[in-house]
Amino acid sequence: MQAKLIAGLIVIILVIIFTIWNQAPVEVSFVFWSIGPWSVSIVVFFSILIGAVVTFCIGLQARLTLNRELKAKSERIAELEHRIKAGIKSQET
């Protein structure tokens, strides 16, 4: 946990340094859409933010899929254990 906190603080410090050094205005163009002029640091910040949101969504979808599979397999294990116990009891009588 502390390693993640320290890594996060280092990244924040690097972003602050980058922001201070990169104040040049740029225009952002994408297909038929164009905005600007914006500071390079703001453009990079929003690019990183969008990438983080996309990564989070993909990771969340994968985690939900794994949890669903885990639940189904746990239920199947419980069912098989119950059948084994029922089979052992019927053989004892």
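The values are calculated or read from the model by the stated rules, or taken from the named source; none is laboratory data. On a predicted model such as this, the values are computed, not experimentally measured, just so you know. In this analysis, Cβ positions are derived from the backbone assuming ideal geometry, glycine residues included, and neighbour counts consider all displayed protein chains.
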If you take the residues of segment 40-85 that are aromatic (Phe, Trp, Tyr) and closer than 22 Å to Ile20 by Cα, which of them is modelled with the lowest pLDDT?
Phe45
Residue among Ile20, Ile84, Ile35 that is exposed (fewer than 10 other Cβ atoms within 10 Å of the Cβ) and either more than 28 Å from the chain's Cα centre (by Cα) or part of a loop (DSSP other than H, G, I, E, B) (or both):
Ile20
Looking at this structure, is Ser74 of a type in the set (Ser, Thr, Tyr) and part of a helix (DSSP H, G or I)?
yes
Can you tell me which of (1) assigned to a helix (DSSP H, G or I); (2) surrounded by 10 or more Cβ atoms within 10 Å (Cβ to Cβ) is the one Lys4 doesn't meet?
(2)
Residue list for segment 38-57, filter: touching a residue at least 24 places away in the same chain (Cβ under 8 Å) and in a strand (DSSP E or B):
none
